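What follows is a short report on a single structure.
The values are calculated or read from the model by the stated rules, or taken from the named source; none is laboratory data. What you see is a predicted model, and the numbers here were worked out from it, not measured in a lab. Neighbour counts are summed over all protein chains in view; Cβ atoms, including those assigned to glycine, are modelled from backbone coordinates with ideal geometry.
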Amino acid sequence: MKATSGELPTGDDWLYEIKWDGMRIVAFIDDDGLRLQTTNLIDATVRFPELAGLAQEFEGLDSLILDGELVAAGPDGQPSFGRMQERMHIADPVEAQRRAVENPVTFVVFDLLHLNGSDTHALPFVDRRRLLEQIVEVGEHWRLTDVHEDGGAELLDIVIDRGLEGLIAKLGASRYVEGKRTSSWRKIKPRRRQEFVVGGWAAGKEGRAGSIGSLLLGYYDGAGLRHCGSVGSGLNSDSIAHWQSIIDETSIDHSPFDGPVPPTMGRSFHWVEPRHVVEVAFGEWTADGHLRHPSYLGHRLDKDPRHVVREP
């Protein structure tokens, strides 16, 4: 279940949670142990060995499905998507174990989808939350997210002050609608932020001459992949090296975007297969459908590019 972007709703019907800056995961726990699945249905269990203890945590239960976010902390203790990126793609068990020691994650649980053979999707959120509080205790690498029954505006002020990603507002009566983006869950972000598909790159200038200057971005609509701008701010030497290896492997000789890409003075465009997703923060959408003041945040290895659309 996904939230829609919007303004902060108020009223007794709404509950509020911090929006965690990490990687969405569904955890399946049964007699066979633990399985972690990403939003694009990839088995990620081997990547996060520090969560193996979850299977023992619920030994008294026959089956359990938890929804939540994997979060890695930066040096300041705040959630860091950059640190989370260092864990997302590791498939080698030995390397995953090493990184789990150096850069551990926490599974922040916020919903319950199944309990002891019973589907809980149809229960109101407040009832699913009550069950979670009865069965989930804080562990070294997992915890429940906090839920606030009021004070949404004050909580948003704290989010802004601490530089966190945003808030999630949920209707207490909302059922869990699998695979859908619904207005009964709202995400409120101090600065706009969403995923975009990379369809190419523009050559850099001066210090970036001869390498990547910016990534060309798009999203899918009914007509295909629609170009919406480019992002160069936020790219550093490490991320440019990372993307250089990707574009070398996915280069194509034609634009993947539906329709023209406006030329950029003095820069040549190069095209890539639209197989990769990035997360970008930006100020607003312009009248012609482009991003204003975009800033690169990271490569989303857990997202299917065909599911990337323009968010409200």
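Structure notes:
- The residue list 150, 127 contains one member that is over 22 Å from residue 23 (Cβ atoms), modelled with pLDDT under 95 and either acidic (Asp, Glu) or surrounded by 18 or more Cβ atoms within 10 Å (Cβ to Cβ) (or both), which is 150.
- Of residues in the stretch 278-303 being at pLDDT below 85 and either part of a loop (DSSP other than H, G, I, E, B) or not charged (D, E, K, R) (or both), the one surrounded by the most Cβ atoms within 10 Å (Cβ to Cβ): 283
- The set of residues in the stretch 14-51 that are outside any strand (DSSP E or B), farther than 19 Å from residue 300 by Cβ and modelled with pLDDT of 95 or more comprises 45, 46, 49, 50, 51.
- Checked against (1) out of contact with any Phe, Trp or Tyr (no Cβ under 8 Å at 6 or more places or on another chain); (2) at positive phi; (3) modelled with pLDDT of 90 or more, residue 224 meets all criteria but (1).
- Residue match in the stretch 206-215 (condition: in a loop (DSSP other than H, G, I, E, B) and modelled with pLDDT of 90 or more): no
- Checking each residue in the stretch 139-163 for being in a loop (DSSP other than H, G, I, E, B) and of a type in the set (A, V, I, L, M) picks out only 147.
Yes or no, residue by residue, for (1) touching an Asp or Glu at 6+ places or on another chain (Cβ under 7 Å); (2) hydrophobic (A, V, I, L, M, F, W, C):
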| residue | (1), (2) |
| --- | --- |
| 224 | yes, no |
| 230 | no, no |
| 234 | no, no |
| 247 | no, yes |
| 253 | no, no |
| 262 | no, no |
| 273 | no, no |
| 288 | no, no |
| 295 | no, no |
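- Set 275, 310, 306: member being in a loop (DSSP other than H, G, I, E, B) and of a type in the set (Lys, Arg): 310
Yes/no per residue for (1) exposed (fewer than 13 other Cβ atoms within 10 Å of the Cβ); (2) out of contact with any strand residue (DSSP E or B) (no Cβ under 6 Å at 6 or more places or on another chain):
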residue: 14; (1), (2): no, no
residue: 32; (1), (2): yes, yes
residue: 45; (1), (2): no, no
residue: 90; (1), (2): no, yes
residue: 95; (1), (2): yes, yes
residue: 101; (1), (2): yes, yes
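- Residue satisfying all of: in the stretch 103-124; free of Cβ contacts under 8 Å to residues at least 40 places away in the same chain and part of a strand (DSSP E or B); surrounded by the most Cβ atoms within 10 Å (Cβ to Cβ) among these: 106
- Of residues in the stretch 154-180 being touching a His at 6+ places or on another chain (Cβ under 7 Å) and within 19 Å of residue 111 (Cα to Cα), the one surrounded by the fewest Cβ atoms within 10 Å (Cβ to Cβ): 178
- Every residue from the stretch 52-76 that is modelled with pLDDT under 90 and within 19 Å of the chain's Cα centre (by Cα): 74
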